[in-house]
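Below: one structure, written as structure tokens.
The values are calculated or read from the model by the stated rules, or taken from the named source; none is laboratory data. Quick caveat: nothing in here was measured; it's all calculated off a predicted structure. Glycine gets a Cβ as well: all are built from the backbone with ideal geometry, and neighbour counts include every protein chain shown. Remember, those area values only see protein heavy atoms, side chains included, never the ligands or the DNA or RNA. Shrake-Rupley method; radii C 1.70, N 1.55, O 1.52, S 1.80 Å.
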Amino acid sequence: MNMNLPADVSKIINILESNGHEAYAVGGCVRDCILGKVPHDWDITTSALPETVKSLFDRTFDTGIEHGTVTVLMHGTGYEVTTYRVDGKYEDGRHPKEVTFTASLEEDLKRRDFTINAMAYNESKGLVDLFGGEEDLKAGIIKAVGNPTERFTEDALRMLRALRFSAQLGFEIEPATYQAIKELAPTLDRISAERIQVEMVKLVTSDHPERLRNVYDTGLSKVFFPELDVMLECQQNNKHHIYTVGEHSIVAMGLIPEDKVLRLTMMLHDIAKPACKTTDEKGQNHFKMHPVKGAEMARAFLRRLKFDNDTTDRVCNLVKNHDDRPEISERNVRRMIIRVGQENFNDLLAVKRADCLAQSMYHRQEKLTYIDELERVYKEIVAAGDCLKIKDLKINGKDLLELGVPQGQRIGAILKDVFEEVVDNPSLNDREYLLNRVKDMLQ
Ligand code: ATP
Ligand code: MG
């Protein structure tokens with residue numbers, strides 16, 4: 001096995017080795033190299049103690065020194081160099097509560113979660129693979145290092161990590177590992193929302209978002225995302241649909257680019273359908289108001305997992321507007337752009353297309369033609385430079401002050417009234433006309 005270490009990684013390892021210590025590239029970077037992928041970062045594991053690492057390099061940061069991690073900076077890139085360690089319990093966020101340093105590489109590899117993540121490499125020793133990681137990598141298997149029940153009891157997050165890696169790599173989870181997840185799934189409740197969020201985002205934005213089904217199947221979603229269980233158990237009985245609400249959402253995730261906001265939106269767009277379900281006399285189901293209620297429920301979910309405000313707001317906005325279908329006219333589409341926000345409109349079009357393609361064939365062509373029309377008119381409006389924000393008006397607050405409107409709320413109110421008129425009729429966005437219009441209003 002010959003891996004091309006970046007020059008700086010090689011240099012860090014050589015400096016450690018020539019000072020009498022062991023050092024290896026380890027974990028995700030070794031896994032990704034064997035897969036022929038470019039690692040997004042390089043972690044180094046060493047027998048040297050953190051203070052020693054600090055003394056051997058010019059530029060270092062104490063990133064997680066209490067856990068043995070020192071960041072070594074080279075040519076503007078930081079490399080995490082971590083002392084061989086045995087972990088205590090993982091309680092807080094990212095790091096185990098207490099760690100013990102060890103002189104043994106084997107001990108350090110043993111504490112790692114999966115065989116494919118427990119390999120080390122350097123130029124002098126080659127690949128160190130004590131648990132069959134390379135074989136599992138070739139066979140496409142996620143398997144716990146050692147006894148899965150013990151390993152998931154030490155750190156319950158590993159269960160969700162197993163599903164996340166299976167979604168990123170398209171791998172199967174080894175049966176005993178999967179069985180242990182099913183048994184221990186309820187213990188995920190000890191894990192912080194922040195750690196769950198990190199793994200969920202990686203799963204949802206992976207090449208296999210449909211592996212979200214395993215989050216349900218293992219019982220993990222019951223702990224932090226019971227809405228998914230309800231969605232997957234909700235039949236639609238409606239000519240537009242062939243899947244349950246949950247299955248439709250999962251299929252839709254696979255039909256949109258792997259962007260965090262877009263994938264989360266497809267996952268959550270119909271979250272309120274079960275709660276909004278009514279059945280008519282013909283036995284068909286309807287889901288009135290589900291986008292509005294859905295935006296509220298999506299917000300509750302995203303808050304629970306401690307997502308940032310920007311992600312939360314963007315997803316909820318798309319959920320709320322995903323089913324808006326105004327009759328197409330320039331005026332209606334302008335109003336829609338204003339409602340959704342111009343910066344979100346392309347996302348909304350993508351959401352609508354993915355939603356449509358995950359439905360039954362019933363009226364599919366008409367639905368797609370409608371979305372195409374919406375896009376065409378949207379582009380025309382943008383190209384025409386129509387006024388879509390109060391800021392786009394040819395007059396502003398200063399003009400109103402000069403016309404004698406007193407400083408205060410009145411200014412905003414007048415601009416808003418003028419804006420409404422201009423949105424319905426863009427040709428009115430003419431400075432002279434608007435100044436006269438305001439003068440009339442003040443009479
Ligand atoms: P990614 O490409 O997502 O960064 P990664 O394998 O590097 O994947 P990290 O979460 O960055 O994953 O962790 C780095 C390494 O640390 C892993 O490869 C694994 O060896 C070990 N590791 C991380 N988290 C755990 C954990 N909860 N339990 C055991 N080992 C872990
Ligand atoms: Mg990593």
Please work out the C-alpha center-to-center distance from region 345-380 to region 187-201 and express it in whole Å. 34
Charge dipole of the chain about the Cα centre (unit charges at C-beta), most positive-ward option of Cys387, Leu302, Met119: Cys387
Candidates Ile337, Ile12, Ile390, ranked by Gaussian network fluctuation over the chain, Cα under 10 Å, top entry: Ile390
I'd like the Karplus ³J(HN,Hα) series for region 138-143: coefficients 6.51, -1.76, 1.60, θ = phi - 60°, whole numbers in Hz, and an x wherever there's a Gly or Pro. 5, 7, x, 10, 9, 9
With every protein chain kept in place and a 1.4 Å probe, the chain has an accessible area per residue in Å² of 47
Zero-based 10 Å bins, Cα pair distances in region 225-386, whole percents: 11, 39, 36, 13, 1
In region 351-372, which residues have a backbone nitrogen under 14 Å from the label point lying 7 Å from Lys379's Cα in the Cα-to-Cβ direction? 371-372
Across region 396-401, in residue order, what do the Karplus-derived ³J(HN,Hα) couplings come to in whole Hz, using 6.51 cos²θ - 1.76 cosθ + 1.60 with θ = phi - 60° and x for Gly and Pro? 9, x, 4, 4, 5, 4
Separation of alpha-carbon centers, region 16-41 and region 106-164, rounded to whole Å: 14
Can you tell me the orientation of helix 157-169 relative to the chain, as the angle in degrees between its alpha-carbon axis and the longest Cα principal axis, to the nearest 10? 70
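Place a +1 charge on the Cβ of each Lys and Arg in the chain and a -1 charge on the Cβ of each Asp and Glu, then give the dipole magnitude about the Cα centre in debye, rounded to the nearest 20.
My answer is approximately 1120 debye.
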Does anything in region 189-222 have its amide N under 18 Å from the 7 Å Cα→Cβ label point of Thr153, and if so which residues? 189-191
Output for region 1-95 (equivalent-ellipsoid semi-axes, sqrt of 5λ from the C-alpha gyration tensor, Å, descending) is 20, 18, 13
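Quick check: at a probe of 1.4 Å, how many percent of the accessible area of region 390-442 sits on carbon and sulfur atoms?
49
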How large is the Kirkwood hydrodynamic radius of the chain, in angstrom, based on all distinct alpha carbon pairs? 25.6
Most mobile of Asp87, Asp43, Asp392 per a Gaussian network model of the chain (Cα springs, under 10 Å)? Asp392
Search the structure for amide H atoms under 5 Å from the amide H of Asp43, placed 1.01 Å from N in the peptide plane, and list their residues when 5 or more places away or on another chain. Val26, Cys29
When only alpha-carbon atoms are used, what values of Rg and Dmax, in angstrom, describe region 368-431? 15.1, 51
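What percent do you get for the relative contact order of the chain when only Cα pairs under 8 Å and 6+ apart count?
8
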Starting at the first residue of region 406-412, write each ³J(HN,Hα) from the Karplus equation 6.51 cos²θ - 1.76 cosθ + 1.60 with θ = phi - 60°, in whole Hz, x for Gly and Pro. x, 3, x, 4, 4, 4, x
Using a 1.4 Å probe on the protein heavy atoms, what percent of the accessible area of region 7-139 belongs to carbon and sulfur? 48
Pairing the Cα long axis of helix 7-18 with the longest principal axis of the chain, what angle in degrees results, from 0 to 90 and rounded to the nearest 10? 30
Of all accessible surface on region 225-386 at a 1.4 Å probe, what whole percent is carbon and sulfur? 51
Could you tell me how far the Cα centroid of region 409-443 sits from the Cα centroid of region 234-258, in Å? 45
Rounding to the nearest 10 and keeping the result within 0 to 90°, find how far the Cα-based axis of helix 330-340 lies from the longest principal axis of the chain. 40
Which of Lys37/Lys143; Lys138/Lys306; Lys54/Lys138; Lys143/Lys293; Lys277/Lys367; Lys239/Lys320 exceed 29 Å between C-alpha atoms? The answer is Lys138/Lys306; Lys54/Lys138; Lys143/Lys293
Show that you can apply the helix-only estimate: for the chain, add -39,500 (n - 2.57) for every DSSP H stretch of four or more residues, divide by all residues, and state [θ] at 222 nm to the nearest 500. -15000 deg cm²/dmol
The Cα extents of region 1-159 along the principal axes, largest first and rounded to whole Å, are 43, 35, 26
For region 170-218, what is the charge dipole size about the Cα centre, in debye to the nearest 20, if Lys and Arg each add +1 at the Cβ and Asp and Glu each add -1 at the Cβ? 120
Signed unit charges on C-beta, dipole axis of the chain, positive-most listed residue Ser47, Phe101, Gly88: Gly88
Roughly how many nanometres apart are two label points built 7 Å out from the Cα toward the Cβ at Asp313 and Glu402? 3.2
In region 204-349, with Lys and Arg counted as +1 and Asp and Glu as -1 at Cβ, which of these residues, Val223, Val292, Asn346, has the Cα nearest the positive end of the dipole, that is, farthest along it? Val292
Links exceeding 21 Å between C-alpha atoms in this model, out of Lys398/Lys439; Lys288/Lys352; Lys182/Lys260, come to Lys182/Lys260
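For region 125-222, what is the Kirkwood estimate of the hydrodynamic radius, computed as the reciprocal of the mean inverse distance between distinct Cα atoms, to one decimal in Å?
13.7
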Cut-off 15 Å (backbone N to label point 7 Å along Cα→Cβ of Lys125), residues of region 35-78: 44-49
Only Cα pairs within less than 10 Å get springs; with that Gaussian network setup on the chain, which residue of Ala144, Ala25, Ala295 has the largest fluctuation? Ala25
Calculate the dipole size of region 390-442 relative to its Cα centre from +1 charges on Lys and Arg beta carbons and -1 charges on Asp and Glu beta carbons; express the result in debye to the nearest 20. 220
